[in-house]
Each structure stands twice: as structure tokens, then as C-alpha cells.
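Just below is one structure, and these are the notes that go with it.
The values are calculated or read from the model by the stated rules, or taken from the named source; none is laboratory data. All figures in this text were calculated on a predicted structure; none of them were measured in a lab. We place every Cβ from the backbone using ideal geometry, glycine too, and count neighbours over all the protein chains shown. Remember, those area values only see protein heavy atoms, side chains included, never the ligands or the DNA or RNA. Shrake-Rupley method; radii C 1.70, N 1.55, O 1.52, S 1.80 Å.
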Amino acid sequence: MPAQSLYGRKTEPKPIRLMIVDDSIVARSVFQTILGEYPEFEIVATASTADQALDKLRTCVVDIVLLDLAMPGMDGFTALPEIIARGRGARVLIVSTSAADGAEACVRALTLGAADTLEKPHAGTYRDRFAAALVEKLRRVGESRSPDREEPRVAAQAAPVLPDVVRPQVSGPVDCLAIGSSTGGLHALAELFDALPSACDMPVLITQHLPASFMPYFAKQMTEIAGRPATVAKDGVSLLRGQILVAPGDAHIGLRSIGGLPRVILNRDPAPSGCLPSVDPMFQAVAQQFGERAFAVVLTGMGRDGSIGARDIVAAGGEIAAQDRATSVIWGMPGSVAAAGLASSIARPSVIATRIADRMRVGNATRRPAWR
């Protein structure tokens with residue numbers, strides 16, 4: 001839909017600029033044919049190797065890079081971090097047959113910074129469901145681009161849009177850390193836990209929007225990222241210090257006190273966001289169980305999941321932190337929380353980690369038993 005200019009005249013939005021990186025000339029041609037039907041996309045460059053793509057990114061400005069993983073020479077996994085760095089804000093969509101080998105390859109790519117993944121289908125199936133899925137993912141990832149990105153030498157990152165009101169920060173220790181994330185979340189989680197001291201040993205609950213089949217690999221990856229055990233949550237499991245529990249891909253995390261200890265209660269009731277798992281039920285359960293000692297973080301992701309539960313966190317006296325626009329792949333989930341004035345911090349994940357550590361240092365002398 002045309003955008004409104006400062007003078008009231010409608011202006012057409014700029015096309016989403018794409019680079020296709022695939023060693024198959026057939027695949028590159030098919031992508032060009034599919035996307036050529038949509039004027040909202042502009043293919044500004046193609047490359048048959050990762051080295052060629054990196055060279056072109058020195059002078060070419062793109063919004064999204066479509067990247068194959070299995071290529072001769074430098075593979076996509078190796079090239080991904082450098083493509084992100086040299087792309088100066090460009091997002092990476094993995095389109096590869098490697099995505100069909102299992103969730104592990106996808107989780108690894110997402111951890112390295114890919115915005116999303118899509119399985120490349122076999123010949124003869126490009127023009128049906130694959131085409132629709134490709135366009136939908138490109139539109140979704142493209143929503144987060146900075147509208148004023150120009151040539152690399154003069155590019156400036158868009159400043160985050162902050163709400164009129166930012167809530168006061170809460171004092172005292174943190175007894176439970178709850179994190180919600182979606183598109184781009186794995187990379188954001190890696191940054192957060194890399195900056196979070198091991199002394200911050202409160203139980204951690206994570207709801208990440210991923211299919212159920214991905215969750216064992218996601219938990220394994222979180223164990224490596226965080227340096228503490230991460231497992232997929234199950235009914236009746238107790239919350240323990242130094243442990244991470246991740247929501248299964250087909251249920252929400254709830255909590256119930258049994259014998260004085262909070263335990264996980266999974267449920268599959270429809271959530272207002274339509275997500276399964278949803279961040280909202282997890283935040284609501286954490287608010288009820290931990291009150292002012294709850295700390296909730298909303299990381300990058302599309303939609304508004306988490307904004308309802310965030311109100312419960314704030315009402316119970318807890319604290320909310322939202323990832324900023326500049327470092328989010330999609331500033332939907334954190335943006336909705338920030339715009340509602342629910343966040344006490346709006347920052348990149350590493351800065352949020354510092355805020356959590358500050359809470360824990362202040363509260364060490366007055367720590368009480370973790371469970372209400």
C-alpha cells in the first residue's frame with residue numbers, strides 16, 4: 001500500500017532488494033522467475049559462490065540475502081556470519097536442501113544469525129507451495145528493513161522508536177527469568193546469554209516460536225550457548241536454579257506450586273496470539289508465581305505475542321525488558337510491548353543481560369528463598 005509523504009502525497013514504497021546466492025544456475029533462474037512476478041521485490045545481485053557474494057556486498061546494498069548452505073568452496077554456514085557483517089543490516093533467509101536434513105541444520109543457521117529458513121524443494125515443485133512460502137517469508141523479513149539504507153559508505157542505521165513513557169526499573173533480586181522470542185530469536189538469545197554472568201543462576205523459561213520437531217535441537221543449542229543445562233519442559237518438572245526450560249513446540253508453559261515448589265504445567269488452550277507455544281501464558285504464570293521477582297524479556301519476532309502477559313508481569317510488580325528496533329530482525333513482539341509503555345529497558349540483548357546482572361548483584365545480600 002502506498003506510504004504517506006510529509007506533504008500528504010502518497011509515495012510508493014521502495015522494492016525489497018534481494019541477492020540470490022546459490023551455486024545452481026537452475027535454482028537462481030527459478031528464484032528470479034518466481035520473484036519477477038512481484039514488483040515489491042528487486043533482485044539486485046546474484047552469486048554462485050559465497051566468496052563472490054561477499055565481494056559483491058562491498059558495493060551492493062541489499063535488504064535480504066537468499067543463501068544456500070551446501071555450496072562448493074566456502075559453505076553457507078561458514079559464510080553466514082561474514083555475510084551478515086558485510087551486509088550492513090541485510091537479513092539472511094536460508095533457502096537450502098540442507099534444511100530438509102533435519103531441524104539441527106536450521107537451528108544452527110538461526111543461531112549463526114539467519115532470520116529464517118526455508119527448505120528448497122525438489123525439481124517440479126517450485127511453482128506451487130514453495131513459491132507462496134518464499135514470498136511470505138521475504139515479505140515478513142522485509143518488513144524490518146531500514147527504509148533509508150543507501151550506499152555502504154554513507155549508510156546510517158535507523159534509530160529505534162521509543163515510547164513516550166518507559167516504566168521505572170524494579171529493585172531487588174530476580175527469582176525467575178522468562179524470555180519470549182520468534183524470528184531472529186536464536187541469534188538474540190546467543191547475545192543475551194553471552195553477556196549474562198554465570199552467577200545469574202535463576203531458573204530460565206524460554207518460549208521460542210519453532211516447530212515441535214526443532215525443540216530438542218533448540219534445547220541442545222541453548223545448552224551450548226548458555227553454558228548451563230537446557231531441556232524441553234515436561235509436565236511436573238520443577239524449576240531449578242541454573243537450569244533452562246524451553247517450551248515444547250506444541251504446548252504453552254504454565255506453572256503451579258506443588259509442595260512449595262513451582263512446577264511446569266503444560267497446556268494447549270488457544271492463546272489470543274494464535275501462537276502455539278505462546279509467550280503470553282508463560283508470562284502470566286511467571287507473574288502469578290514470582291510477582292516482583294519476575295523478570296521478563298521480549299526479543300525479536302513478528303506479531304504481538306507476549307504483550308498480554310507483559311501486562312500481568314507489570315501488574316504483579318515485575319520488570320519487562322524489550323529488544324530495541326535496531327538489533328531486532330522484526331520489531332513486532334518487542335515493539336508492541338515498548339509502544340504500550342510496559343518496558344523498563346529497551347535495548348540490545350547484551351545490555352538487557354547487564355540489567356539482569358545488576359539486579360542480581362544488588363539482591364545478593366537480601367536474597368530470600370526462590371519460591372513463593
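Laid out as a table, the results:
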{"item": "Test: residue 332 is farther than 27 Å from residue 262 by Cα and either crowded, with 19+ Cβ neighbours inside 10 Å or of a type in the set (A, V, I, L, M, F, W, C) (or both)", "result": "yes"}
{"item": "Residue under evaluation residue 125, criteria (1) open to solvent by less than 10 Å² (accessible area, probe 1.4 Å); (2) of a type in the set (Val, Ile, Thr); (3) at pLDDT below 90, criterion not met", "result": "(1)"}
{"item": "Subset tally (residues that are without any contact (Cβ under 8 Å) to a residue 60 or more places away in the chain, more than 17 Å from residue 97 (Cβ to Cβ) and touching an Asp or Glu at 6+ places or on another chain (Cβ under 7 Å)) for segment 50-72", "result": "1"}
{"item": "All helices (runs of 4 or more DSSP H) inside segment 1-117 with 2 or more residues being modelled with pLDDT of 90 or more", "result": "25-35, 50-56, 76-86"}
{"item": "Top-ranked residue of segment 180-196 - restricted to ones that are part of a loop (DSSP other than H, G, I, E, B) and modelled with pLDDT under 95, ranked as nearest to residue 306 (Cα to Cα)", "result": "182"}
{"item": "Condition check for residue 220: basic (Lys, Arg), under 18 Å from the mean Cα position of the chain (by Cα) and over 22 Å from residue 352 (Cβ atoms)", "result": "yes"}
{"item": "Some residue of segment 335-357 being over 30 Å from residue 143 (Cα atoms) and open to solvent by 50 Å² or more (accessible area, probe 1.4 Å)", "result": "no"}
{"item": "Hits in segment 249-261 (condition: more than 19 Å from residue 176 (Cα to Cα) and open to solvent by 50 Å² or more (accessible area, probe 1.4 Å))", "result": "250"}
{"item": "Positions within segment 282-323 being farther than 19 Å from residue 201 by Cα, of a type in the set (Asp, Glu) and buried (at least 24 other Cβ atoms within 10 Å of the Cβ), in sequence order", "result": "305"}
{"item": "Residues of segment 296-338 satisfying the condition of being assigned to a strand (DSSP E or B) and either of a type in the set (Phe, Trp, Tyr) or out of contact with any helix residue (DSSP H, G or I) (no Cβ under 9 Å at 6 or more places or on another chain) (or both)", "result": "331"}
{"item": "Yes/no for residue 231 being part of a strand (DSSP E or B), open to solvent by 30 Å² or more (accessible area, probe 1.4 Å) and of a type in the set (S, T, N, Q)", "result": "yes"}
{"item": "Of all residues making up segment 305-346, the number that are at pLDDT 95 or above and of a type in the set (Lys, Arg)", "result": "1"}
{"item": "Count - residues of segment 305-331 that are closer than 26 Å to residue 255 by Cβ and touching an Asp or Glu at 6+ places or on another chain (Cβ under 9 Å)", "result": "12"}
{"item": "Residue check for residue 290: in a helix (DSSP H, G or I) and aromatic (Phe, Trp, Tyr)", "result": "yes"}
{"item": "Candidates 264, 246, 279, filtered to the one that is more than 21 Å from the chain's Cα centre (by Cα), of a type in the set (Val, Ile, Thr) and open to solvent by less than 10 Å² (accessible area, probe 1.4 Å)", "result": "264"}
